[in-house]
Amino acid sequence: MADVKYTSTLKSSKTQNNDVLQKYLEGLRECINEISAQDIEGVADIIYEVYRKGRQVFIFGNGGSASTASHFARDLRIGTAVPDKPRLRSFCLADSMALITSLANDIDYNSVFIEQLISQIDKGDVAIGISASGNSPNVLNAIKYASKCGATTIGFTAFGGGKLKDIADKCINLSTHDYGRAEDIH
């Protein structure tokens, strides 16, 4: 009798897991359909122009978006490398835990990215802020500073875009209110 109950529970659990997976994938497809080729091409064009001019790309975000920023910076620097050509200079401002925690402790958490941009970012560089909510104060502060320095600013957002959508020069925004989907698409 116990075997029948256990088998029935396993089948029910597999069905539930399959339903959850199908809903998640459906949500991802909706997000993918939101992003037009023009948005992606526009960002790619901006990054290529930075490469062509020998400028820099600074990428930053919090939590899951920090991981996305780290991977993005790595892919731009290493994943686009061509033999006998210079590499794109890309940096993730969320990679140094020692630097982030010292800035948060000594100044404040809202300044952890802007402080790293000071004396580093110049006109012609690019700053990419990733914030699912679009309202992370430390991301917003860094984007505003980068803009004042003459850098092109790009936001990757969800949840309608928040404030970042309105202050970035270009923004890829998803309407989803699911952090997992937003971070997967970013």
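Placing +1 on the Cβ of every Lys and Arg and -1 on the Cβ of every Asp and Glu, with nothing else charged, gives the chain a dipole about its Cα centre of roughly 220 debye. Spacing of the modelled spin labels on Lys53 and Ile78, each 7 Å from Cα toward Cβ, amounts to 2.8 nm.
Estimated from helical segments only, the mean residue ellipticity of the chain at 222 nm is -16500 deg cm²/dmol, where each DSSP H run of four or more residues counts as -39500 (n - 2.57).
Surface composition of the chain: carbon and sulfur atoms hold 52% of the protein heavy-atom accessible area at a 1.4 Å probe. Averaging the sequence gap over all C-alpha pairs within less than 8 Å and six or more residues apart, then dividing by the number of residues, gives the stretch 7-108 a relative contact order of 21 percent. Annotation: extensible slack from Arg89 through Asp122 equals 10.6 nm (criterion: 0.36 nm per residue apart, minus Cα-Cα distance).
Taking the Cβ-Cβ separation of Asp108 and Lys14 as r and a Förster radius of 41 Å, what is the calculated FRET efficiency to the nearest 0.05? Working shown, then result.
Details: r = 48 Å, r/R0 = 1.17.
Given R0 = 41 Å and the Cβ-Cβ separation, E is 0.30.
With axes computed from alpha carbons, what is the tilt in degrees of helix 137-148 against the longest principal axis of the chain, rounded to the nearest 10 within 0 to 90? Roughly 30 degrees, rounded to the nearest 10.
Note that the stretch 38-157 presents 49 Å² accessible area per residue, ligands and nucleic acids not counted, probe 1.4 Å. The count of lysine pairs in the chain with alpha-carbon distances below 26 Å, taking only pairs 8 or more places apart or on different chains, stands at 20. For the chain, the longest principal axis of the alpha carbon atoms and the long axis of helix 97-106 meet at an angle near 70°.
The values are calculated or read from the model by the stated rules, or taken from the named source; none is laboratory data. Worth saying up front: this structure is predicted, and the values here are computed from it rather than measured. Glycine gets a Cβ as well: all are built from the backbone with ideal geometry, and neighbour counts include every protein chain shown. Ligands, DNA and RNA are stripped out before the accessible areas are found, and what is left, the full protein with its side chains, is counted by its heavy atoms. Shrake-Rupley method; radii C 1.70, N 1.55, O 1.52, S 1.80 Å.
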